[in-house]
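The values are calculated or read from the model by the stated rules, or taken from the named source; none is laboratory data. Computed from a prediction, not measured in an experiment: that's the story for all the values here. Here the Cβ positions follow ideal geometry from the backbone for every residue, glycine too, while neighbour counts run over all protein chains shown. When the accessible area is computed, the model is the full protein with side chains, heavy atoms only, and any ligands, DNA or RNA have been set aside. Shrake-Rupley method; radii C 1.70, N 1.55, O 1.52, S 1.80 Å.
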Amino acid sequence: MAEQLNEYQGKATMEKITSLAKRRGFVFQSSEIYGGQNGAWDYGPLGIELKNRIAGAWWKEMTQINDDIVGLDAAILMHPRTWEASGHVENFTDPLVDCKKCKARFRADMIPEENLAAKKCPECGGELTDTRKFNLMFKTHIGPAEDTASIIYLRPETAQGIYVNYKNIIQSNRMKIPFGIAQIGKAFRNEIVTKNFIFRTCEFEQMEMQFFVKPGSDDEWFNEWKKRRWAYYDRLGVKMDHLRWHQHGPDELAHYAKDAYDIQYLFPMGWRELEGVHNRTNYDLTRHTQFSGKDMQYIDQDNNNERYIPYIIETSAGLTRNVLMILCDAYDEEQVADKGNDDDWRTVLRFHPSLAPVTVAVLPLMKKDGLAELALDIRRELKEDFATDYDQAGAIGRRYRRQDEAGTPFCVTIDYQSKDDGTVTLRFRDSMEQIRVPKSELTARLRQEIKDYKRIK
Ligand code: ATP
């Protein structure tokens, strides 16, 4: 067997994933030509497709599979009173310490306790400042006057846009409790430390669903949503032994929450939060009642007009963090030959076909003898149903590798036999198996393969 190149051969590391993401056009550093902008990233041609598909899978799960959940797209800019009511102006802070010597900045809860106690910088040993509270909300001004009356915030979570619209949605869509509102959108946090690629950024996207329930039924719904969110990741083909629950202890639990569990994923840098399932009680709607003066009670017309402020079960996932999770989860290096050179290994992204940026690549074996024309015809047909790519450059083996690295689950190769008998080669990314299929059956076959997909590695 060929000697392994180094101890990281065959393993996913954040460096490899970041570099693959850049090389193949998944994610680029923001404003790279100016040296880059911390905490912000740009999604390239493959990245935006992957992000859209992840968002689409979540949206389908929430608003299509569930009868009792509707969608919303609220504005990023909200009335500043919203953030007083929600508690963000007062409480949305992280503890910050600086090193007086090397000027490094840390979140106090993320450095070793001994360093904090001794006020010693974990990087250079210099003296640390006292811990102070730092509000994570981005603040700016709206309108031409930069005075206190014009202060406005970039929303730090999408949830509040749902709460302030909850009565509108009940009225316009005749929703009855229990019901949910789902939203995908940008959120902004002035994070003290942004690292690990797109894991923690200042500009990111969330997929949040707020489920409104009768007080007293909240524990049951909380458990139900825990179950549904777990099953969702299983259906997406995620490695389930890389997921676990983490219950918030008393010191982690937000002041408004009755119970909270995070779904954590085993990223290359360790177990980290992917999504939170929270019982937010009636805190948010009670606070909006107080701050807006509007009655936020639900009137149960099926139950003698009983009135109450609903409890809220929230499922809050990062969309951009899900992109990173799916990239890490899909990343694989596999030894496919034993010749002692670079070609022995292939890098493959084992995306679920419903998430892959390109579903099927069409490859003519040769450009000449009419094979390219035939391949383009086949691609034209497949385009109607699938995201396709076309590649006629270089040896066929190289082209397969390029598609493996982009996570394309199926390749269709057109050769001389295709001209004679109308069959093509269908090649599977995961097993590298190749079969011959009549081109007239391709669309139906691919649809079935996507539906029946089971991850093998
Ligand atoms: P942390 O304690 O790690 O700062 P959090 O517990 O405050 O995060 P939530 O407010 O519960 O996070 O946010 C819900 C989800 O939004 C998280 O599970 C995560 O997926 C995503 N998220 C939160 N902050 C960021 C960020 N800065 N960058 C990317 N995704 C984020």
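Let me have the relative contact order for the chain, percent, based on Cα pairs under 8 Å that are six or more residues apart.
Dividing the mean separation by the residue count of the chain yields 13 percent.
Placing unit charges on C-beta atoms (Lys and Arg positive, Asp and Glu negative, everything else neutral), compute the dipole magnitude of the chain about its Cα centre in debye, rounded to 20.
500 debye
Just going by the charge dipole of the chain, with Lys and Arg at +1 and Asp and Glu at -1 on Cβ, which of Ala149, Thr194, Thr129 is farthest out on the positive end?
With unit charges placed on the Cβ atoms, the residue in question is Ala149.
How about the range 112-151: which trypsin sites (Lys or Arg not before Pro) there are in a DSSP loop, with at most 16 other Cβ atoms within 10 Å of their Cβ?
Here the sparse-neighbourhood loop sites are Lys119.
Suppose all protein chains stay in the model; what accessible area per residue would a 1.4 Å probe give for the chain, in Å²?
The answer is 49 Å² per residue.
Quick one: net charge of Gln183's neighbours, Cβ under 9 Å, K/R +1, D/E -1?
Around Gln183, the charge tally is -2.
Once fully extended, how much extra length lies between Met366 and His242, figured as 0.36 nm per residue of separation less the alpha-carbon to alpha-carbon distance?
40.4 nm
Under the definition of Cα pairs under 8 Å and six or more residues apart, what whole-number percent is the relative contact order of the range 133-271?
This gives 17 percent for the range 133-271.
If the only charges are +1 at each Lys and Arg Cβ and -1 at each Asp and Glu Cβ, what is the size of the charge dipole of the range 29-167 around the Cα centre, to the nearest 20 debye?
That gives the range 29-167 a dipole magnitude of about 300 debye.
Calculate, for Lys451 and Thr347, the FRET efficiency according to 1/(1 + (r/R0)^6) with r their C-beta to C-beta distance and R0 35 Å; round to the nearest 0.05.
0.85
Taking the full set of protein chains and a 1.4 angstrom probe, give the accessible area of Leu253 in square angstrom, rounded to the nearest 10.
Counting only protein heavy atoms, Leu253 exposes about 50 Å² to solvent.
Accessible surface of Met432 in the full protein assembly, 1.4 angstrom probe, to the nearest 10 Å²?
Ignoring ligands and nucleic acids, Met432 comes out at about 70 Å².
When the accessible area of the range 119-266 is split by element with a 1.4 Å probe, what percent falls to carbon and sulfur?
The computed percentage sits at 48.
Would you work out what percent of the accessible area of the range 7-100, with all protein chains in place, is carbon or sulfur (probe 1.4 Å)?
51 percent
Please determine, in degrees from 0 to 90 and to the nearest 10, the orientation of helix 319-330 with respect to the longest principal axis defined by the Cα atoms of the chain, where the helix direction is its Cα long axis.
40 degrees
Expressed as an acute angle from 0 to 90° and rounded to the nearest 10, what is the orientation of the C-alpha long axis of helix 371-383 relative to the principal long axis of the chain?
30 degrees
Once amide H atoms are built 1.01 Å from N in the peptide plane, which residues 5 or more positions from Glu157, or in another chain, come under 5 Å H to H?
Phe188
How high is the FRET efficiency between Glu333 and Glu252 when r is their beta carbon distance and R₀ equals 22 Å, given to the nearest 0.05?
Efficiency, rounded to the nearest 0.05: 0.05.
In terms of solvent-accessible area of protein heavy atoms at a 1.4 angstrom probe, what is the ranking of Thr148, Thr408, Thr194, highest value first?
Descending accessible area places them as Thr148, Thr194, Thr408.
Summing -39500 (n - 2.57) over the DSSP H runs of n ≥ 4 in the chain and dividing by its residue number, what mean residue ellipticity at 222 nm do you reach, to the nearest 500 deg cm²/dmol?
Helix-only estimate at 222 nm: -8500 deg cm²/dmol.
Between Gln434 and Ser30, what is the FRET efficiency for a Förster distance of 45 Å, r being their Cβ-Cβ separation, to the nearest 0.05?
0.65
Between the DSSP loop rule and a limit of at most 13 other Cβ atoms within 10 Å, which GluC sites (Glu not before Pro) in the range 353-457 are left?
Those satisfying the criteria are Glu384, Glu433.
Going by amide H atoms built from the backbone, whose H comes under 5 Å of the H on Leu274, apart from near neighbours?
Ile263, Gln264, Tyr265
Using the Karplus curve 6.51 cos²θ - 1.76 cosθ + 1.60 with θ = phi - 60°, what ³J(HN,Hα) values do you get for each residue of the range 331-346, in whole Hz, with x for Gly and Pro?
Result, rounded to whole Hz: 5, 8, 10, 10, 7, 10, 8, 9, 9, x, 10, 4, 5, 5, 10, 10.
Which lysines does Lys294 reach when only Cα atoms under 30 Å apart count, and residues fewer than 8 places away in its own chain are ignored?
Output for Lys294: Lys139, Lys167, Lys176, Lys186, Lys214, Lys258.
Could you derive backbone 3J(HN,Hα) for the range 352-361 from the dihedral phi with the Karplus parameters 6.51, -1.76 and 1.60 (θ = phi - 60°), listing whole Hz in sequence and x where the residue is Gly or Pro?
4, x, 6, 9, 4, x, 10, 7, 9, 9
Hey, any idea what % of the range 298-355's accessible area is carbon plus sulfur with a 1.4 Å probe?
With neighbouring chains kept in place, the figure for the range 298-355 is 34 percent.
Heavy atoms only, probe 1.4 angstrom, no DNA, RNA or ligands counted: give me Ser217, Ser150 ranked by accessible area, highest first.
Ser217, Ser150
Once you keep just the Cα pairs under 8 angstrom separated by 6 or more residues, what percentage relative contact order results for the range 1-139?
For the range 1-139, the relative contact order is 14 percent.
Could you pull out every Cys in the chain that lacks a partner Cys with its beta carbon under 4.7 Å away?
Here Cys202, Cys328, Cys411 come out as lacking a disulfide-compatible partner, given the Cβ-Cβ threshold of under 4.7 Å.
Could you compute the net charge surrounding Gly370? Neighbours are other residues with a C-beta less than 12 Å from the C-beta of Gly370; K and R count +1, D and E count -1.
-2
Please calculate the 1.4 Å probe accessible area of Asp329, with all protein chains present, and give it to the nearest 10 Å².
The value for Asp329 is about 0 Å².
Work out, step by step, the length gained on full extension between Arg132 and Ala117: first 0.36 nm times the residue separation, then minus their alpha carbon distance; give nm to one decimal.
Contour length minus Cα-Cα distance gives 4.0 nm.
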